[in-house]
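The values are calculated or read from the model by the stated rules, or taken from the named source; none is laboratory data. As the structure is a computational prediction, the values presented were derived from the model and not from experiment. Because the Cβ atoms are built from the backbone with ideal geometry, glycine has one as well, and the counts that use them run over all protein chains shown. Please note that ligands, DNA and RNA were not included when accessible areas were found on the heavy atoms of the full protein model with its side chains. Shrake-Rupley method; radii C 1.70, N 1.55, O 1.52, S 1.80 Å.
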Amino acid sequence: MTPEPVPAAPSADPHPLHIAIELRKLTLTLMNATLGYRLTLTNGGSEPLADIAVAADLIGAHSSLPREMQLAGLETDLPVRHRLPGLAPGESGDVTGEVRVPLAQLRPIAQGRAQLFVPLARFRIGAEGQEPRCFTLIAGQPSPSGNGAIQPVRLDHGPRIYDGLAGRAF
């Protein structure tokens with residue numbers, strides 16, 4: 001079963017660059033948490049888009065971190081992961097990649113004996129002459145109740161691979 005793409009967070013102004021994200025898998029090793037993704041970028045405008053850059057990273061949500069440190073913004077320091085030379089009007093392009101965070105950099109959320117990780121994938125996608133689109137995607141397993149909630153990842157269960165991920169952009 002292929003996961004449904006997650007649309008990026010809506011912006012107040014129409015933007016010619018439309019973005020859909022498909023979460024591939026989350027892998028926990030003894031050293032890192034790695035989130036695989038595929039982005040589909042579509043030029044929904046009437047003019048070509050040039051020099052498209054995708055910057056992204058992975059962090060863990062935690063109440064001790066200020067909101068601006070957890071969410072992607074124009075000033076957030078994110079490494080460039082992909083570049084596309086351009087997209088003609090109506091054209092789409094896919095990029096596939098991974099974002100990784102060392103487990104030693106995470107601040108686990110303690111819930112009883114459980115040690116939880118709430119993955120936040122932060123993205124900034126820009127094109128020449130356009131305001132970049134910035135959004136953060138919370139990733140995890142869908143709640144078994146089917147209510148649309150996303151469950152955090154258990155760090156205390158050791159290395160494992162999580163498929164069938166859900167995500168929500170904000």
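Of the conditions (1) surrounded by fewer than 17 Cβ atoms within 10 Å (Cβ to Cβ); (2) at pLDDT 95 or above; (3) under 22 Å from residue 119 (Cβ atoms); (4) touching a Pro at 6+ places or on another chain (Cβ under 9 Å), residue 62 fails just one. Which one is it?
Result: residue 62 fails condition (2) only.
Here are some conditions: (1) surrounded by 15 or more Cβ atoms within 10 Å (Cβ to Cβ); (2) closer than 17 Å to residue 41 by Cα. Residue 142 meets all but one. Which one does it not meet?
So residue 142 meets the others, but not (2).
Out of (1) within 17 Å of residue 20 (Cβ to Cβ); (2) modelled with pLDDT under 95, the odd one out for residue 124 is which?
Among (1) within 17 Å of residue 20 (Cβ to Cβ); (2) modelled with pLDDT under 95, the lone unmet condition for residue 124 is (2).
Just name the residue that is farthest from residue 85 (Cα to Cα) out of those in the stretch 6-29 that are open to solvent by 70 Å² or more (accessible area, probe 1.4 Å) and either modelled with pLDDT of 95 or more or within 17 Å of the chain's Cα centre (by Cα) (or both).
Across the stretch 6-29, the extreme among qualifying residues is 25.
Quick one: which strands (runs of 3 or more DSSP E) lie wholly within the stretch 10-110 and hold at least 2 residues that are free of Cβ contacts under 8 Å to residues at least 24 places away in the same chain?
Output list reads 17-28.
Hey, among the residues in the stretch 112-139 that are open to solvent by 70 Å² or more (accessible area, probe 1.4 Å), over 25 Å from residue 63 (Cβ atoms) and among the charged types (D, E, K, R), which one's nearest to the chain's Cα centre (by Cα)?
Looking at the filtered set, the residue picked out is 131.
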